[in-house]
Every structure is written in structure tokens, then in C-alpha cells.
Amino acid sequence: MSNPSILILPGDGIGPEVMDQVTRVIDWFGAKRDLSFDVSTDLVGGAAYDAHGTPLHDDTMAKAQEVDAVLLGAVGGPKYDDLDFSVKPERGLLRLRKEMDLYANLRPAQCFDALADFSSLKKDVVAGLDIMIVRELTSGVYFGEPRGIIEEGNERVGINTQRYTESEIERAARSAFELAMRRNKKVCSMEKANVMESGILWREVVTRVGAEYPEVELSHMYADNGAMQLVRAPKQFDVIVTDNLFGDILSDCAAMLTGSLGMLPSASLGAPMANGRPKAMYEPVHGSAPDIAGQGKANPIACMLSFAMALRYSFDQGDEAARLEGAIEKVLADGARTGDLMGPEGGIPLSTSQMGDAILNALDASR
Ligand code: NAD
């Protein structure tokens, strides 16, 4: 049988720097764990624009549709700020999400004990936190029609439409319940059924899907209360499922519970392919960080944790994902820090590749 395939799109700014460390980890799994991947690399974002005049070449798009998983670094940078909207680096990313129909965005909020002091909340509220937000990514108010700014009488009116079909809600809900089955078997669905009809339908459909998963405990919460609960007692949650708009806000809120942008992975999943694996793209939450690009200062952990998500959700290698996460936890517990993780006590930060070295050493020690 051929190896599973991965398309790496490092992108711009710190994207290639953090992705270099992920490539070392991928090589390690091939050499030391007999877990090899067919890896190809291509351009996206500003790098693709520089080479081809477009932020995503059609050939790259076609490759992304064929592979088992796409790993993306980051796109964008000041050099491209004045480009026409249609060829801005971000358009490459949006095209990938749209044409792969990646409807479920998975944003974990996990707090490593060693970094609990970085949270704006009290240490005991966040230490050991491990929750997952599933945000519907392809519908809702960001896409609904009618939309626009129109003239009405003597003033202008801004219009956006929250619109969800049953099938769109159903597939997002199903992703959440499947995830919960691999975790602590709890789903909390968040909407505003008290004031929005789309919320009433959302609640109905999630409840219907939930009946297919009797082992999973389902609860419902109004999204405004959800925001309060996330900062009051986040450990009460396991999987949260919510729509595009609320998910955008709640996932950023949850992310900050855990400290640095350099630590946050994400996955975007779509429908299963012929081989049963979901269409999938994995990427760190952070951007291309032009302020530190090219200086070896970037934290590669968000990108590595994104690869750990690929191991778990695309390749069914939960144990190996846990091995990588464990190695990261170990180096942090031992005090390894890139610049973004330095506390007020200071010290000498590790470079991007030194953090990679430390994690590879910890992986070696884990065997
Ligand atoms: P950013 O995430 O790139 O950076 C915000 C801050 O966090 C910066 O100070 C940066 O140095 C720091 N930071 C981010 N990742 C880090 C890491 N791994 N290690 C250490 N420090 C890190 O956000 P921004 O500055 O608002 O945007 C910069 C560019 O990235 C823009 O062109 C923006 O459009 C683009 N962007 C891309 C994505 C993406 O590709 N998914 C996401 C957000 C922003």
C-alpha cells in the first residue's frame, strides 16, 4: 500500500521557518516510527503570487484536492498589502477552504501546565484545560444573501443574512459528535435560539443528530452565556459546536485562555473522500508575523501541533499524535521557550530551530 500523502504549503513570512521544523518531525516519524508519508511541497499566498501572478496556481489547487492532507504555514505580508483584492495572498487560503468545501473548523484550546501563567485568567481556572471548538465554516451570516449596503429613504442600510440549511447544520453537528466520541463524550451546542430562527433550527437539528450518539451527553447554551462560561469555568466543556459567526468570536476568546498565538493549531475538515479520510487542511492560527520573519524567532509549536492534529484526524494515529504532543509538553515543562513564551523573569530564548532540536530530542527519548 502506498504511503499517505501530504501537500505542504509553507506560504510567506514565518510560514517556511516553522514548516521546516514540521518537516523534521515528519522525517522523524518515517525514520523512527515506521510511519512514512509521501510529501510534496508547493507555493501559496505571496510566494505563489511572486512566482505565478496568482496566490494559488490551478495545479496546486488540483494537488490539494488529491492528497490526504494539506499542511499550510501562513500567508500575507506588507509587500502584498497594495495588491488588488482578487490576488491578495489571503485569496489563496480562501480558495483552498472553499473548493475543498472544508465546513468544520476545529480549534482546540489546550493549556500546557508549564504555560498556565501566560493566561489572563487565574492558573487554576486554565491549568489542564483541553477543549475543542467546532465552528461551521462555509455558511451563515458571512455568506448569506441578500447582503450589501443599500439606500433606503435618506440613509444607507447595511445588510447581512444569517442563513443555514438543515444539511449544513447536520454535517457540522456530526463532526462535533464524532470528535466527542474520541474525547470525553460531551457536546455543548451554542446559538441564540431565544432571538434567532436560525438558532431554533440549529438547536433542533443538533438535537436530532445527537440522538444518533446516545453515549454523548448533549447540552445547549445561548452563545452569549457561552462566552461568559468560557472565561468563568472553561473546563466544564469538552466539544463546543457553533455557527460561523459565534464560532469566530468564541474560538478566539477560548484561544486566548491558553496564552500565546505561537501555540495554537487548527484543522479544517470536509466530507470523507473515497478512502474514508476527510478532506483536510491543517494550519497554525497565527499569521505570517512579518515583524519577526527571517530572524529565527518564530515559535514552531502551533504548526507542529497542527501536524499532530493531522496524525489524529486524517491518519488515525492518535497514539503518535499524543507522542508528539507529549514531547512538546515535556520540553515546555523543562523550561524551553521561544521569545513569545518568555515571562517577565527573562532569559535567553531558543531560536526556531533550537526549539525544533529540543522537541526532536524529546521524541527520541519517548521511544
Ligand atoms: P500574526 O499572527 O502574523 O502576528 C501577530 C503577532 O504575534 C506578531 O507580533 C507576531 O510576531 C506574533 N506571532 C505570531 N505567530 C508567532 C509565532 N509562531 N511565534 C512567535 N510570535 C508569533 O498577525 P498579524 O501581524 O495581524 O498579520 C501579519 C500577516 O499575516 C498579515 O498579512 C495577515 O493578513 C496575515 N495573516 C495570515 C493568516 C493565515 O495565513 N492564516 C492569519 C492571520 C494573519
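The values are calculated or read from the model by the stated rules, or taken from the named source; none is laboratory data. Just so it is clear, the model here is predicted, and its values are computed rather than measured. With ideal geometry, Cβ positions are generated from the backbone for all residues, glycine too; neighbour counts draw on all protein chains shown. What goes into the accessible areas is simple: the full protein's heavy atoms, side chains included, and nothing from ligands, DNA or RNA. Shrake-Rupley method; radii C 1.70, N 1.55, O 1.52, S 1.80 Å.
Computed over the chain, the alpha-carbon pair-distance distribution with 20 angstrom bins reads 28, 59, 12, 0, each value a whole percent. Applied to the range 163-172, the Karplus parametrisation 6.51 cos²θ - 1.76 cosθ + 1.60 on θ = phi - 60° returns per-residue 3J(HN,Hα) values of 9, 9, 8, 4, 5, 5, 5, 4, 6, 5 Hz, with x for Gly and Pro.
Show me the GluC sites (Glu not before Pro) within the range 271-347 that DSSP assigns to loop and that have at most 11 other Cβ atoms within 10 Å of their Cβ. Within the range 271-347, the qualifying GluC sites (Glu not before Pro) (loop, at most 11 other Cβ atoms within 10 Å) are Glu345. Quick check: from the Cα gyration tensor, does the range 1-118 come out rounded (a/c under 1.5), prolate or oblate? Cα axes put the range 1-118 in the oblate bin. Shown in residue order for the range 173-179 are the 3J(HN,Hα) couplings computed by the Karplus curve 6.51 cos²θ - 1.76 cosθ + 1.60 at θ = phi - 60°: 4, 4, 4, 5, 5, 4, 4 Hz (x for Gly and Pro). Label the range 218-331 by shape, choosing from rounded, prolate and oblate, from the square roots a ≥ b ≥ c of the eigenvalues of the Cα gyration tensor; if a/c is under 1.5 it is rounded, and otherwise prolate applies when a/b is larger than b/c, oblate when it is not. Taking the square roots of the gyration eigenvalues as a ≥ b ≥ c, the range 218-331 is oblate. Return the subset of Lys122/Lys235; Lys98/Lys279; Lys98/Lys186; Lys123/Lys297; Lys122/Lys297 for which the Cα-Cα distance in this structure is over 20 Å, preserving the input order. Exceeds cut-off: Lys98/Lys186; Lys123/Lys297; Lys122/Lys297. Each of Phe143, Gln236, Asn225 was scored by the projection of its Cα onto the charge dipole of the range 120-258, and the greatest displacement toward the positive side belongs to Gln236; charges sit on the C-beta of Lys, Arg, Asp and Glu. Based on alpha-carbon centroids, what's the gap between the range 79-117 and the range 207-286 in Å, whole number please? About 15 Å separates the Cα centre of the range 79-117 from the one of the range 207-286. With 0.36 nm allotted per residue and the present C-alpha distance subtracted, the Ile348-Ile200 stretch has 48.0 nm of extension available. When nucleic acids and ligands are ignored and a 1.4 Å probe is applied, Asp357 ends up with an accessible area of around 70 Å².
Using just its DSSP H runs of length 4 or more, each adding -39500 (n - 2.57), the chain gives a mean residue ellipticity at 222 nm of -12500 deg cm²/dmol after division by all residues.
When Tyr49, Tyr282 are compared by accessible area at a 1.4 angstrom probe, the order from most to least is Tyr49, Tyr282. Only bridges whose two residues both fall in the range 120-258 count here: according to DSSP, what percent of them are antiparallel, nearest 5? In the range 120-258, approximately 30 percent of DSSP beta bridges are antiparallel ones. Mind listing the long-range amide H neighbours of Ser219? Cut-off is under 5 Å, sequence gap 5 or more, other chains count too, H placed in the peptide plane at 1.01 Å from N. Under 5 Å from the amide H of Ser219 lie the amide H atoms of Val187, Cys188, Ser189, each far enough along the sequence or on another chain. Which of the three applies to the range 120-258, rounded, prolate or oblate, going by the alpha-carbon gyration tensor with a ≥ b ≥ c and a/c under 1.5 meaning rounded? Oblate shape, in that a/c is at least 1.5 and b/c is the bigger or equal ratio.
In sequence order, the range 41-50 has phi-based couplings of 10, 8, 9, 8, x, x, 4, 6, 4, 4 Hz under the Karplus curve 6.51 cos²θ - 1.76 cosθ + 1.60, θ = phi - 60°, and Gly or Pro positions carry x.
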